[in-house]
Amino acid sequence: MSSIKNNKLQLVLMWVLLTSVLLGIVALLPVSDKVDTNTAIKAAPIATTALIDEPASPLDEASTTNSMVTESAVASIAVELAKSYPKTINYVIQKGDTLGAIFEQLDLSQKSLYQILEVDLNVLALDSIKPGQMLIFTEFEGELTRLELHISLAQQIIYKRQGDSGFEFEQINVDGEWREHSYIGQIEYSFSGSAKKAGLSLFEAQFIASLLKDKINFSRDFRIGDTFKVLVSRQYIGDQLTGENRIDAVSINNRSRNISAYLYEGAYYDEAGLSIERAFVRRPVSSKYRISSSFNPKRLHPVTGLLRPHNGTDFATPIGTPIFATGDGVVSRVLNHKYAGLYIEISNGQTYRTRFLHLSKALVRKGQRVKRGQKIALSGNSGRITGPHLHYELHMRGRAVNAMTADIPIASAIDKRQQAAFKLALNNYHAAWEHVKS
Ligand SMILES: [Zn+2]
């Protein structure tokens, strides 16, 4: 380690020398005073940065790798110095981990945990951390200054400290590249087994079964020899799969009939352009309850001035008001959150997700299939809020949108004006089946 340190020291000395020489040269050049001063001001911080930054990285290593810090006087000075530099800890989430336990394990304060949870109320991303995802903590002088949640290669949430009053967050979605894969198969026994054999994942097979459940009975209607074709787009960053995928088109030949579904502008239609999914309704509560606070992604906290997006629509509902599912789907979360209170999340197909916060009672459980219009909960005032209300969110492809105005599938067929564009999309799908390899 000492040789590394010596090398670093030499580097720093070289920097100082080099900078001095450069400054000297500049001073000798026959230019105006103004340019001279500017160059000096610009050059000086470079030397300073070099002096501070260069020793920092080996010292940081010493402070985190405990076994290296013993017996050496140099190392103990190093530890003291390291405290005044940001320290980064990468933590891979394990099975059974909770955020509270991770904070405790890393000796991070409960105050910062609550401050993080308060801002996470706007995304509720930390409420569903999964094994294998990574948390990157940055600490400065014993205080948490930044937390990154790496959900997948394509999706990150960054919580950044803004002074004493709390954190703000930033959602990062990397577009990457979507590559289309084509799968062709034949029914040999079950659909899911045959789909798996053709190369589709279980999740994709289940998605198709759920999408076409009103058109075909997946456990009874298939006959050996029936065929199917599927187009799937999978997201890549570089050559790595991110885990995000989307079914673009499905065509099933069942005995003598054809059943198909094509994704067009976020919704699925059959060959004739009729909607396959049941549409959404706008409101999860009766129309007699007024909206008390609208969707506002730019809202600021009235006291701290921190960005606190209002990612949903609030309805002024007294405790115990019935709440209805706005679309068909599967209950993906029923959880209690310090700030969101008791809340339900429903996954409405591949594109949409809905959330209902501050409930008094949930009438559904995780994994349960729900229908549009089904009573799912009673409103309440759970979590940290000033008065009873329902906070309702609609997410489209992972992002919160205004549920009262968003372009959601409400129509039952492709609009006449869009027929030509829809036909073109169909032709492209048909061509892809012929040319794209799985
Ligand atoms: Zn709200």
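The values are calculated or read from the model by the stated rules, or taken from the named source; none is laboratory data. This is a predicted model, so every value here is computed, not measured. Neighbour counts are summed over all protein chains in view; Cβ atoms, including those assigned to glycine, are modelled from backbone coordinates with ideal geometry.
At a glance:
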quantity	calculated
Close pairs (9 angstrom Cβ cut-off, 6 or more residues apart or separate chains): touching a residue at least 12 places away in the same chain (Cβ under 8 Å) and outside the structural domain of residue 167 (by TED's automatic domain parsing) in region 300-312, within 15 Å of the ligand (Cβ to nearest atom) and small (Gly, Ala, Ser) anywhere	309/400; 310/293; 310/294; 311/400; 312/293; 312/400; 312/403
Test: residue in region 340-354 that is away from the ligand (no atom under 16 Å from the Cβ), over 29 Å from residue 263 (Cβ atoms) and surrounded by fewer than 20 Cβ atoms within 10 Å (Cβ to Cβ)	no
Condition check for residue 259: modelled with pLDDT under 95, among the β-branched types (Val, Ile, Thr) and either away from the ligand (no atom under 13 Å from the Cβ) or in contact with a strand residue (DSSP E or B) (Cβ under 6 Å, 6 or more places away or on another chain) (or both)	no
Cβ pairs under 6 Å, 6+ apart, first in region 82-103 and assigned to a strand (DSSP E or B), second of a type in the set (A, V, I, L, M)	90/136; 91/135; 92/134
Qualifying residues in region 399-413 (those that are within 22 Å of the chain's Cα centre (by Cα), more than 13 Å from the ligand (Cβ to nearest atom) and surrounded by 15 or more Cβ atoms within 10 Å (Cβ to Cβ)) - the one farthest from residue 292 (Cα to Cα)	408
Filter result (surrounded by 20 or more Cβ atoms within 10 Å (Cβ to Cβ), farther than 15 Å from residue 395 by Cβ and touching an Asp or Glu at 6+ places or on another chain (Cβ under 9 Å)) within region 305-333	308, 328
Unmet requirement for residue 322, which otherwise passes all of (1) within 27 Å of residue 120 (Cβ to Cβ); (2) in the same structural domain as residue 377 (by TED's automatic domain parsing)	(1)
Matching residues in region 85-99 - criterion: being surrounded by fewer than 16 Cβ atoms within 10 Å (Cβ to Cβ) and within 20 Å of residue 140 (Cα to Cα)	86, 88, 89, 90, 91
Top-ranked residue of region 224-256 - restricted to ones that are touching a strand residue (DSSP E or B) at 6+ places or on another chain (Cβ under 7 Å) and assigned to a loop (DSSP other than H, G, I, E, B), ranked as surrounded by the most Cβ atoms within 10 Å (Cβ to Cβ)	226
Selection status of residue 333, more than 15 Å from the ligand (Cβ to nearest atom), in a strand (DSSP E or B) and charged (D, E, K, R)	yes
Matching residues, region 297-318, being part of a loop (DSSP other than H, G, I, E, B) and of a type in the set (A, V, I, L, M)	303, 306, 316
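So that you can scan it fast, the table gives a plain yes or no per residue for (1) over 22 Å from the mean Cα position of the chain (by Cα); (2) small (Gly, Ala, Ser); (3) modelled with pLDDT under 95:
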site: 132; (1), (2), (3): no, yes, yes
site: 149; (1), (2), (3): no, no, no
site: 173; (1), (2), (3): no, no, yes
site: 176; (1), (2), (3): no, yes, yes
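Residue by residue, here is whether (1) of a type outside the set (Lys, Arg); (2) in the same structural domain as residue 127 (by TED's automatic domain parsing); (3) more than 23 Å from the chain's Cα centre (by Cα) holds:
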residue	(1), (2), (3)
340	yes, no, no
364	yes, no, yes
375	no, no, yes
382	yes, no, yes
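Residues checked against (1) among the small types (Gly, Ala, Ser); (2) more than 13 Å from the ligand (Cβ to nearest atom); (3) under 20 Å from residue 340 (Cβ atoms); (4) within 25 Å of the chain's Cα centre (by Cα):
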{"position": "273", "(1), (2), (3), (4)": "yes, yes, no, no"}
{"position": "280", "(1), (2), (3), (4)": "no, yes, no, yes"}
{"position": "288", "(1), (2), (3), (4)": "no, yes, no, no"}
{"position": "292", "(1), (2), (3), (4)": "yes, no, yes, no"}
{"position": "296", "(1), (2), (3), (4)": "no, no, yes, yes"}
{"position": "301", "(1), (2), (3), (4)": "no, yes, yes, yes"}
{"position": "312", "(1), (2), (3), (4)": "yes, no, yes, yes"}
{"position": "315", "(1), (2), (3), (4)": "no, no, yes, no"}
